[in-house]
Every structure is written in C-alpha cells, then in structure tokens.
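To keep things clear, I will list the structure first and then write my remarks on it.
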Amino acid sequence: MPDWDTKYASGAYVSSKNPGKLLIDLFPLLPKGKALDIACGEGRNAVFLAKNGYDVDAVDISGMAIERGREAAAQQGVKVNFIQADLENYRISEEGYDLIVNFNYLQRTLVPSIKGGLKRGGVVVFETFTLGQQAIGHPKNPEFLLKPNELLKLFEGLHIFFYREGIFEEERKKAIASLAGKRA
C-alpha cells in the first residue's frame with residue numbers, strides 16, 4: 001500500500017481543490033442531511049458538502065491529507081468531521097447516511113457497506129478509474145481499476161439514475177465510470 005503521507009508531503013500527489021464535477025452536476029438531485037466522503041483526501045468534496053448544509057463525515061488513511069482538509073474547512077468557515085482511518089478496517093454506520101460520495105478510490109469489499117450505509121432514499125455518488133486508464137496514466141494497477149460495466153454490477157439493487165463510462169476530459173483526461181444510485 002502506498003504511503004499517502006509521503007506522497008502528499010513530497011508533492012507527488014496533487015489533489016484538486018475543486019469538488020468533483022459529477023458532484024456539482026448532480027447536486028440538485030441529491031438528498032440533504034448526513035453525508036460520508038470516502039477516501040476524502042484533502043476534503044474538496046467534504047468541504048463543498050458542508051458549505052451546502054450537510055453534516056459531513058470524511059474518512060481518509062492519510063493524516064497529512066486529513067490535516068489539510070481540516071485547514072480547508074476552517075478557511076471556508078465550515079465544520080467537517082474528519083476521520084483518519086484505514087478503509088480496509090473502517091465500519092460505515094448501517095443506514096447512517098443520506099449521501100455517500102466516493103471519488104477516485106476503489107475498494108470492492110467496501111461496496112456492500114456503502115449500500116448498507118445509505119438510509120432509505122439515500123444516494124451514493126461513485127466515480128473511479130476504469131481499465132482504460134492504463135493507456136492514459138496513473139493509476140495502472142488493475143486491482144484498483146474497474147472492468148467494463150463492473151460499477152453497475154457492484155451497485156445492483158439500487159435505482160441507478162445516472163451512469164457513464166468512458167474517457168472524459170475534466171481537469172485532465174481520464175478513463176472513468178461514474179454512477180449515482182438511490183436506495184429504495
């Protein structure tokens with residue numbers, strides 16, 4: 001597993017300061033309330049949600065990223081509950097969230113907990129890299145890349161109201177799959 005604190009400290013990993021385009025585009029369709037930002041990095045999506053009235057939990061393994069997220073939240077005058085934790089061991093509260101967001105992170109074993117963590121009527125917004133990313137740049141490890149239509153299969157049982165998969169130019173060129181699904 002990469003040492004994320006070292007990556008952040010060296011500048012090898014530069015996080016966008018802007019919330020995910022998908023999150024902004026889908027925002028009018030999302031339920032208000034309690035939100036969870038998985039693998040939040042420096043908190044760009046968590047801070048955006050907090051600025052828009054959500055009660056936000058944000059989880060990441062990197063202490064440095066969490067600290068930068070806390071600073072960003074303070075600068076924006078919002079409160080985010082940042083949690084430093086390894087998502088391999090983190091437990092998502094059962095039916096605890098109205099909204100769960102996951103950007104640029106793939107841990108297949110976490111998907112059942114994400115689905116279970118949604119309240120009735122809750123929504124997941126999930127976007128990460130596909131195998132097509134190998135031809136473009138990092139990440140390249142197939143363990144962390146979605147196969148064609150895999151994201152749809154992972155979230156079977158939800159009402160999928162948005163889905164796309166392909167190569168898109170958003171801040172940079174990337175091969176991604178994006179999904180928004182609602183728990184009945």
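Please list, by residue number, everything in segment 23-42 whose backbone N is under 20 Å from a paramagnetic label point 7 Å out along Cα→Cβ of Thr109. Only 38-40 pass the distance filter.
Approximating the spin labels as points 7 Å out from Cα along Cα→Cβ, the Gln76-to-Leu152 distance works out to 3.3 nm. With the helix formula -39500 (n - 2.57) applied to DSSP H stretches of n ≥ 4, the chain reaches a computed 222 nm mean residue ellipticity of -7000 deg cm²/dmol.
Starting from the Cα gyration tensor of the chain, take the square roots of the eigenvalues, sort them a ≥ b ≥ c, and report rounded, prolate or oblate (rounded when a/c is under 1.5, otherwise prolate if a/b is larger than b/c, else oblate). It is rounded, given that a/c, with a ≥ b ≥ c, falls under 1.5. For Lys32 and Lys173, the difference between the fully extended length at 0.36 nm per residue and the C-alpha to C-alpha distance is 47.7 nm. With contacts taken as Cα pairs under 8 Å at a separation of at least 6 residues, the chain carries a relative contact order of 17 percent.
Annotation: the antiparallel percentage among DSSP beta bridges lying fully within the chain is about 45. Length available on full extension from Arg91 to Asp25: 0.36 nm per residue minus the Cα-Cα distance, which gives 20.9 nm. Springs between Cα atoms under 10 Å define the GNM used for the chain, and in it the highest mean-square fluctuation of Asn52, Asn104, Asn81 occurs at Asn52. Count the net charge of all other residues whose Cβ sits under 13 Å from the Cβ of Lys153, scoring Lys and Arg as +1 and Asp and Glu as -1. Its environment carries a net charge of 0. Would you please classify the overall shape of segment 32-77 from the alpha carbon gyration tensor, given that a ≥ b ≥ c denote the square roots of the eigenvalues, rounded means a/c under 1.5, and beyond that prolate means a/b larger than b/c while oblate covers the rest? Cα axes put segment 32-77 in the oblate bin.
Laboratory data are not the source of any read-out in this text; all were calculated from the coordinates shown. Everything quoted here is computed from the prediction, not taken from an experiment. Reconstructed Cβ throughout: ideal geometry from the backbone, glycine too, with neighbour counts over all protein chains shown.
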